[in-house]
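The values are calculated or read from the model by the stated rules, or taken from the named source; none is laboratory data. Computed from a prediction, not measured in an experiment: that's the story for all the values here. When we count neighbours, we look across all protein chains shown, and the Cβ atoms used for this are built from the backbone with ideal geometry, even at glycine. For accessibility, only protein heavy atoms count, side chains too; no ligands or nucleic acids. Shrake-Rupley method; radii C 1.70, N 1.55, O 1.52, S 1.80 Å.
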Amino acid sequence: MSTITTENELTQTQQKTLKVHSIESFGTYDGPGIRTVFFLQGCLFQCLYCANPDTMRMNSGTITRLSQLLDTALKMKSFFGTDGGVTASGGEPCLQANNLRLLFKELRERDIHTCLDTNGYIMNKYVVDLLEQTDLVLLDVKHIEPTIHKKITGQSNAKTLSFARYLEDQGKPFWLRYVLVPGLSDNAEHLHKLGVHFQSYRQIKKLEIQPYHRLGEYKWKELGRKYPLEGIPENTAEQLEKAKQIFELYFQEVVVN
């Protein structure tokens, strides 16, 4: 149980900052209920289908005090109801875990539900503390096969799988999120393998299939970069249904986001 911070500690905490890419006030796709979503700047992954490639850069974003973010959340609190709250997404929010954990602590002290959307690549003492202040984790698993995961992100999936194991061992509820890309991450054998890997996990409350889309393609071009998946079609209804049926063999709840 968190202890209430003193007024002096509160003032010092609120002077700290986060690098923020953008803020969504009425988010409905990043956790339960209506949520305020803070998209933080910086990511160690280079996902081929990233819809916000400008979030990858470490030296960008708007320097924002925690007090401002807290005020934003408090103004939205009446809209959250019993299910909503605040989600930290990115980019990769765990890159800024040292200060994000302080924000999450203050949010929870004000009875605001906290949700962390992460790729699970980073684990350190600040992330451990952040997870203690987190009510629900959204864990993005890009692929179960290490070689394909590295092709998609530029990094191995070993740390992500280890992160999932940590959540399970700590009794931390989480959702899995999986982007279904035709010809890249929709192979039935691989979907079954992912299911088998996680089928014994009791803290996984839901698996979200995220359909592949090309809405961020223009952002790659604005950055002077070629879109890596140019020409890849979006999912058909049949592809999404097939993946859903496979995952339903292993998870208690599967949704197409």
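Would you tally the residues in the range 150-204 being under 17 Å from LEU48 (Cα atoms) and acidic (Asp, Glu)?
1
Which of the residues belonging to the range 49-94 are polar (S, T, N, Q) and either within 14 Å of THR17 (Cα to Cα) or open to solvent by 20 Å² or more (accessible area, probe 1.4 Å) (or both)? Working first, answer last.
In the first step, residues of the range 49-94 are kept if they are polar (S, T, N, Q); the result is 52, 55, 59-60, 62, 64, 67-68, 72, 78, 82, 87, 89.
Passing the criteria: ASN52, ASN59, SER60, THR62, THR64, SER67, GLN68, THR72, SER78, THR82.
So for the range 101-115 (the condition being surrounded by 22 or more Cβ atoms within 10 Å (Cβ to Cβ), among the hydroxyl-bearing types (Ser, Thr, Tyr) and modelled with pLDDT of 95 or more), does at least one residue qualify?
yes
Of all residues in the range 151-170, how many are of a type in the set (Phe, Trp, Tyr) and either buried (at least 18 other Cβ atoms within 10 Å of the Cβ) or assigned to a loop (DSSP other than H, G, I, E, B) (or both)? If you could, list the steps in order and put the result at the bottom.
Step one: list which residues in the range 151-170 are of a type in the set (Phe, Trp, Tyr), which gives 163, 166.
If we keep only those that are either buried (at least 18 other Cβ atoms within 10 Å of the Cβ) or assigned to a loop (DSSP other than H, G, I, E, B) (or both) as well, we get 163.
The total comes to 1.
Among the residues of the range 39-48, count how many are open to solvent by less than 10 Å² (accessible area, probe 1.4 Å) and touching a residue at least 60 places away in the same chain (Cβ under 8 Å).
2
Is the range 147-159 home to any residue that is within 19 Å of LEU207 (Cβ to Cβ) and in contact with a Ser or Thr (Cβ under 6 Å, 6 or more places away or on another chain)?
The answer is no, given that none of the residues of the range 147-159 is within 19 Å of LEU207 (Cβ to Cβ) and in contact with a Ser or Thr (Cβ under 6 Å, 6 or more places away or on another chain).
Within the range 233-256, identify whether any single residue is more than 26 Å from MET123 (Cα to Cα), of a type in the set (A, V, I, L, M), in contact with a Gly (Cβ under 7 Å, 6 or more places away or on another chain) and open to solvent by 10 Å² or more (accessible area, probe 1.4 Å), and answer yes or no.
Yes, the range 233-256 has at least one match.
Restricting attention to the range 116-126, which residues are in a loop (DSSP other than H, G, I, E, B) and either open to solvent by less than 40 Å² (accessible area, probe 1.4 Å) or within 17 Å of ILE23 (Cα to Cα) (or both)? Break it down stepwise before answering.
Taking the range 116-126 first, the residues in a loop (DSSP other than H, G, I, E, B) are 119-124.
Answer for the range 116-126, where residues must be in a loop (DSSP other than H, G, I, E, B) and either open to solvent by less than 40 Å² (accessible area, probe 1.4 Å) or within 17 Å of ILE23 (Cα to Cα) (or both): ASN119, GLY120, ILE122.
Taking the range 102-133, which residues are over 16 Å from LEU40 (Cα atoms), polar (S, T, N, Q) and free of Cβ contacts under 8 Å to residues at least 60 places away in the same chain?
ASN124
Looking at the range 171-226 only, could you name the residues that are touching a helix residue (DSSP H, G or I) at 6+ places or on another chain (Cβ under 9 Å), open to solvent by less than 60 Å² (accessible area, probe 1.4 Å) and in a helix (DSSP H, G or I)?
Across the range 171-226, the qualifying residues are ALA188, HIS190, LEU191, LEU194, GLY195, PHE198, LYS219, TRP220.
Just to check your reading of the model, which residue among ILE148, ILE144 is touching a residue at least 40 places away in the same chain (Cβ under 8 Å) and assigned to a helix (DSSP H, G or I)?
Numbers: ILE144 fails: assigned to a helix (DSSP H, G or I).
Testing whether each residue is touching a residue at least 40 places away in the same chain (Cβ under 8 Å) and assigned to a helix (DSSP H, G or I) leaves just ILE148.
Give the range 15-70 a look and list any residue that's assigned to a strand (DSSP E or B) and either among the charged types (D, E, K, R) or under 14 Å from the mean Cα position of the chain (by Cα) (or both), or say none. Spell out the reasoning first.
So the first thing to find is which residues in the range 15-70 are assigned to a strand (DSSP E or B), and the list is 17-27, 35-40, 62-65.
Correct list: LYS19, GLU24, GLY27, ARG35, THR36, VAL37, PHE38, PHE39, LEU40, ARG65.
Only residues in the range 63-83 that are under 16 Å from GLU106 (Cα atoms) count as the first member; pair them with residues that are charged (D, E, K, R) and assigned to a helix (DSSP H, G or I), Cβ under 6 angstrom, at least 6 apart or cross-chain, and list the lot.
Once the first residue is under 16 Å from GLU106 (Cα atoms) and sits in the range 63-83, its partners that are charged (D, E, K, R) and assigned to a helix (DSSP H, G or I) give LEU70/GLU106.
For the range 156-177, name all the residues that are under 12 Å from LYS142 (Cβ atoms) and in contact with a Lys or Arg (Cβ under 8 Å, 6 or more places away or on another chain).
Once the filter is applied, which keeps residues that are under 12 Å from LYS142 (Cβ atoms) and in contact with a Lys or Arg (Cβ under 8 Å, 6 or more places away or on another chain), the range 156-177 yields SER156, ASN157, THR160, LEU176.
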